[in-house]
Every structure is written in structure tokens, then in C-alpha cells.
């Protein structure tokens, strides 16, 4: 299992999933444009070796896990694994927690800068999209924070931009785990919240930071379980937090409880820049530690970015388990890449009004990230989007099959279809499209018979056709 | 601190059309477009802006983007009157521009 970003880069090189760019690239839009196009082409991860305005020992590694091949590689399973197999691998391992171990030092301490030596502009933070509010240093990152009441240490992947040489602003949403701990335990007491922004740890640690994981859950232990070996953590220089010792860069800061920061707008994971601007959090940097030749990790945020794989995967499994706990007859959940973590396909034993209501209430009770849910029966493979669309088009009743729940104070403020006013109030809705047959319809007399090869022929004919297939002149 | 030693180019973001007003000292967040590794550094200031070409000729240039980051075609002239703190008093997640206006107002009262 990969101990750090460099190990992972080596493995990507060996599997043909890395492209190294030796030509000098400008951090101001060019790096972002190359990385964005690579995402949209399902291209390899990118390692930019020469960055304009920066010395040769400052490089950037973009889109670490933006394809399923790279997710599979990070998990240590064959890169050709099916989506279903990758989901299953995560589901198999996520309950096996291995707590981290503390070490005295590590590569992330090779260079330590404090006080007047701190200059965030020494790191080649890219201007990723034309018109973004700033240069985003934190995209493929993990923000480490601590809940002083429960001792819970949270890892979360949130965006952070360079404000000036010693300040970052960020927008972990107010409903996020970090946002909640910050407001409940630090803002309310007017105390600065210590935070460590980790850049370029091992891939699975970042994966867990972006994972949909329950409040109070330690992502460090989840990462250990997924890796099969504990994550090595080392103490920060200016606070009591612990960070992965093999990280490329660590930025130690205080999140200020009595200041507001201008942050955004930013081209976000839904694939749009929605005008989320202002109203951020302000972080005063107290120390920067890094390797001697630090590699800045970057997610070229937008359509088919890293979140379209990893956030979708962990979100789907979290949804499945929540629904199971609430007694919903769930079988499988897929959060498709193209849905930008806004749409889930939920396979159930049976649907209907009551199941729809239970699902909507369960998935929108604290924060509502999904705005569309497609409910399908066991005859539809949730991973086969063609079959899902067929079910949606044919089985969802346009008048009775659509169920909507409205909410305020917990909507996803990055959802592009919401108005600026709705976003300010965190007001939104989730629609569930029930693509299952009504339970009261007789299977013998009322439910239409699906006219596909699998369903409308007797087994004897199907077997004969399959075994004789080549004899009809077909090659496959 | 006046900014006019050599022409510099700044950029600001607006929430709504009409948020930028001529002839009055305005609190603003500006980012510095000077090329180099410090490009896009932010600054909180009180500044005067103008659209009149004759006035703008002796000022720094200001580019304006909307809340969704779209660059507007017109360039303005801007003169920085004084700086406001980067650590802007306010409540996290609350309105930055209200906090900026409040800081500008207390700065004006102090300097009177």
C-alpha cells in the first residue's frame, strides 16, 4: 500500500496512468486548463515538472484519483476492476478500522518556516479557472481539526485559497463537519480553531478526507483500515494536531472566530461556478512545513473531477447504510460520475409512496447534498445507466411517481439550479423519481411485461440462442 | 497610501450591478494583477473609482468581475485612499461586504 504521494506516482507511472509534463507551464490558468481537459478526456494523472515563476524543486501533481482505474490502483486492486467491484472493495474494508500511530518526525518536517519566513506565494498555487476568486492552494488536501468536547479529530477535503502571504480563506460549508465544529466549539467561545491543511499525503488518506463519513468517525482510522497498515502521524509545530508524516506540505493555521474572509467564487465539483462568494473563513498561517522538493497536489475541480469518483463512491455506500438502518429495503446505491454528486440511483426490493417518503426524509434530515434520486427495482442494474434511464423513462409516472421534499437551512449551496436567494437561505428541494411498479398492481394482470431478451423468453429458448449464437454468423 | 507611482492593474468582484459607485470613497477588496509569483494578492482598501476617461488617465486601472466571475468589458480608474485590515472583524460565514463597510466606517470616524 502506498505510503505517500511519491509511491503512488511511481505506481501510476508503472500502470501507464501518469503523464509527466517537462515543458514549462504557467500556474496562471495554463496548468488548470491542461488538467481540466485531461479530466474531461478521462486522461491520466499529470505531473507538472516546470512551473513558471517557480524554481525547479516546486512541482504539481494533478487529478490523483479522477478515474476509476486510479481509484482501483490506490486500493491495491486490478486497475481494470469494474465499478461494482470497486464499490464492493470499499464496502468490505470500511468497517475495518486501524488507528494511526504517532512517530517523532517525518519527511514533512524537512523544511520548517515560521514567522517572517512564511510566504504562501512560495508554493505554486494555481489559478485553476479564469474568473476564480483566487489561487487555490487547497484542492486535493485534507484539513485536520479537533472537537475539544469529544476529542474527535476530523479530516475533511475543503477548498482553500491564498489571500496574501500569510492568510488563507476557505469555504468548508457551514453544514460540513469542520464548519459545524468551528461554529459550535470555537466561534461560540471566541477562540481561534487550530487547523492543519495537509497537501500531498498518501492517496487513501485524501480519499478518506473526502469521504462521506459519520460525525465522530476518525478518518485516520478509516484510512488505516483501507490501507491495511496504520497511517503514521507526526505532531504539528504550533498546535496539538497530528498530520501524516509523509505529507508533501503542511500549513498550520488558526481559523479566526471573529473575522470573515472573502472567498470564491470558484468553479466547483458540480461543474459550475455558482457565485458562492464572500462569507468564508479566514485562516492566519502560523507555520509551513514541507519536504525539500514539495509536490503540490491539485484537483482540477469541475466536471468529472476527483470528487466524481471518490466522493460519489463513499457517498453511495454511506447512503446505503443509512437507508438500511432506517429499514428501507435497499439493495444497491450508485452515485454516477456524470451526476456530480447530485444524483443517486437507489435499487430497492420494492418502491411506493411510503418508501419514497422514508428515503427523502432520511437523506435530507441534516444536510441535503443530493437533489435527485432515481428509485429502481431489482430488474435494473444501478450501475448500468442506460438501463436506469430506460426505467426512468418508462416506469416513472409523470404525475404520481415524482415525490419532492422541500427544506431550508441545509440545502447544498453549490447546486447550480438554485437561485442566489435560495443559496443564501440554504433553501432547496430533493425530488425522488419512483421508477418502480406500484405495489398494488397485480404482477399477473397489471404489471407490463418487460420486452427484453432476459425477461420475455422462456429459459430453454434463451439457452439455445446463447449457445448457438456463433452459428448464426455472429462473432461475439 | 496613494497607489499612483506607476500604473497598476487591480481587479474586484461585485455581488450586484451598481455596487460600484463613482465619486464616493468606497470600501473594496482588490486583488493585484501585477505579473509574477505574488499575482492575485488581496488587499482591503478604501478607494475612489471613476469611469470618466479623463479622470481615469491619472489613476490605476480596475477590472471588474461579477459574482459568478464574468469579466465585465469596461475598465475603471481606481485610486487607493488607505488600507483596511486583512483581519476584518466579523462573524465567519456572514456577509464579508457588510464587515468591510463597517471597518471602513470605523476607520473614517477614527481619522476624523
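The values are calculated or read from the model by the stated rules, or taken from the named source; none is laboratory data. All of these numbers come straight from a predicted model, not from anything done at the bench. Heads up, the Cβs are rebuilt from the backbone with ideal geometry, glycines too, and the neighbour counts pull from every protein chain shown.
Figures for the structure shown
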quantity: Matching option when the condition is over 23 Å from residue A:261 (Cβ atoms), modelled with pLDDT under 95, within 14 Å of chain A (Cβ to nearest Cβ) and out of contact with any strand residue (DSSP E or B) (no Cβ under 7 Å at 6 or more places or on another chain), among B:35, B:17; calculated: B:17
quantity: Selection from region B:39-65 of residues that are touching a residue at least 40 places away in the same chain (Cβ under 8 Å) and either away from chain A (no Cβ under 14 Å) or more than 21 Å from residue A:133 (Cβ to Cβ) (or both); calculated: B:46, B:58, B:59, B:60, B:61, B:62
quantity: So residue B:12, is it on the phi < 0 side of the Ramachandran plot and away from chain A (no Cβ under 14 Å); calculated: no
quantity: Strands (runs of 3 or more DSSP E) contained in region A:91-188 and holding at least 1 residues within 20 Å of residue A:51 (Cβ to Cβ) and away from chain B (no Cβ under 14 Å); calculated: A:111-114, A:135-138, A:141-146
quantity: Condition broken by residue A:262, with the remaining ones in (1) more than 9 Å from every other protein chain (Cβ to nearest Cβ); (2) in contact with a helix residue (DSSP H, G or I) (Cβ under 6 Å, 6 or more places away or on another chain); (3) closer than 23 Å to residue B:30 by Cα satisfied; calculated: (1)
quantity: Number of positions in region A:350-369 that are assigned to a loop (DSSP other than H, G, I, E, B) and over 18 Å from residue A:212 (Cβ atoms); calculated: 3
quantity: Residue count for region B:66-112, restricted to those that are without any contact (Cβ under 8 Å) to a residue 40 or more places away in the chain, more than 24 Å from residue B:56 (Cα to Cα) and buried (at least 18 other Cβ atoms within 10 Å of the Cβ); calculated: 4
quantity: Residue in region A:15-31 that is surrounded by 20 or more Cβ atoms within 10 Å (Cβ to Cβ) and within 24 Å of residue A:231 (Cα to Cα) present; calculated: no
quantity: Matching option when the condition is touching a residue at least 12 places away in the same chain (Cβ under 8 Å), touching a helix residue (DSSP H, G or I) at 6+ places or on another chain (Cβ under 6 Å) and not in a helix (DSSP H, G or I), among A:79, A:71; calculated: A:79
quantity: Hey, residue A:312 over 23 Å from residue A:183 (Cβ atoms), modelled with pLDDT under 95 and not in a loop (DSSP other than H, G, I, E, B) or not; calculated: yes
quantity: Residue check for residue A:230: modelled with pLDDT of 95 or more, farther than 27 Å from residue A:134 by Cα and assigned to a loop (DSSP other than H, G, I, E, B); calculated: yes
quantity: Test result for residue A:35, more than 22 Å from residue A:314 (Cα to Cα) and either at pLDDT below 95 or within 18 Å of the chain's Cα centre (by Cα) (or both); calculated: yes
quantity: Verdict on residue A:198 being surrounded by fewer than 24 Cβ atoms within 10 Å (Cβ to Cβ), within 30 Å of residue A:319 (Cβ to Cβ) and away from chain B (no Cβ under 14 Å); calculated: no
quantity: Qualifying positions in region B:47-59 - under 11 Å from the mean Cα position of the chain (by Cα) and surrounded by 20 or more Cβ atoms within 10 Å (Cβ to Cβ); calculated: B:47, B:49
quantity: Flag if residue A:190 is at pLDDT 95 or above and either crowded, with 24+ Cβ neighbours inside 10 Å or within 19 Å of the chain's Cα centre (by Cα) (or both); calculated: no
quantity: Scan of region A:283-295 for residues that are more than 13 Å from every other protein chain (Cβ to nearest Cβ) and either outside any loop (DSSP other than H, G, I, E, B) or modelled with pLDDT under 95 (or both), ordered by number; calculated: A:286, A:287, A:288, A:289, A:290, A:295
quantity: Residue A:411 being within 30 Å of residue A:82 (Cα to Cα) and touching a residue at least 12 places away in the same chain (Cβ under 8 Å); calculated: no
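Residue-wise test of (1) closer than 30 Å to residue A:417 by Cα; (2) within 11 Å of another protein chain (Cβ to nearest Cβ); (3) surrounded by fewer than 24 Cβ atoms within 10 Å (Cβ to Cβ); (4) touching a residue at least 60 places away in the same chain (Cβ under 8 Å).
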position: A:239; (1), (2), (3), (4): no, no, yes, no
position: A:244; (1), (2), (3), (4): no, no, no, yes
position: A:247; (1), (2), (3), (4): no, no, no, yes
position: A:253; (1), (2), (3), (4): no, no, no, yes
position: A:257; (1), (2), (3), (4): no, yes, yes, yes
position: A:267; (1), (2), (3), (4): yes, yes, no, yes
position: A:270; (1), (2), (3), (4): yes, no, yes, yes
position: A:277; (1), (2), (3), (4): yes, yes, no, yes
position: A:281; (1), (2), (3), (4): yes, yes, no, yes
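Here is a yes/no grid of residues against (1) more than 30 Å from residue A:333 (Cα to Cα); (2) free of Cβ contacts under 8 Å to residues at least 24 places away in the same chain; (3) touching a strand residue (DSSP E or B) at 6+ places or on another chain (Cβ under 7 Å); (4) surrounded by 19 or more Cβ atoms within 10 Å (Cβ to Cβ):
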{"position": "A:88", "(1), (2), (3), (4)": "no, yes, no, no"}
{"position": "A:103", "(1), (2), (3), (4)": "yes, no, yes, no"}
{"position": "A:112", "(1), (2), (3), (4)": "yes, no, yes, no"}
{"position": "A:115", "(1), (2), (3), (4)": "yes, yes, no, no"}
{"position": "A:119", "(1), (2), (3), (4)": "yes, no, no, no"}
{"position": "A:130", "(1), (2), (3), (4)": "yes, no, no, no"}
{"position": "A:139", "(1), (2), (3), (4)": "no, no, yes, yes"}
{"position": "A:165", "(1), (2), (3), (4)": "yes, no, no, no"}
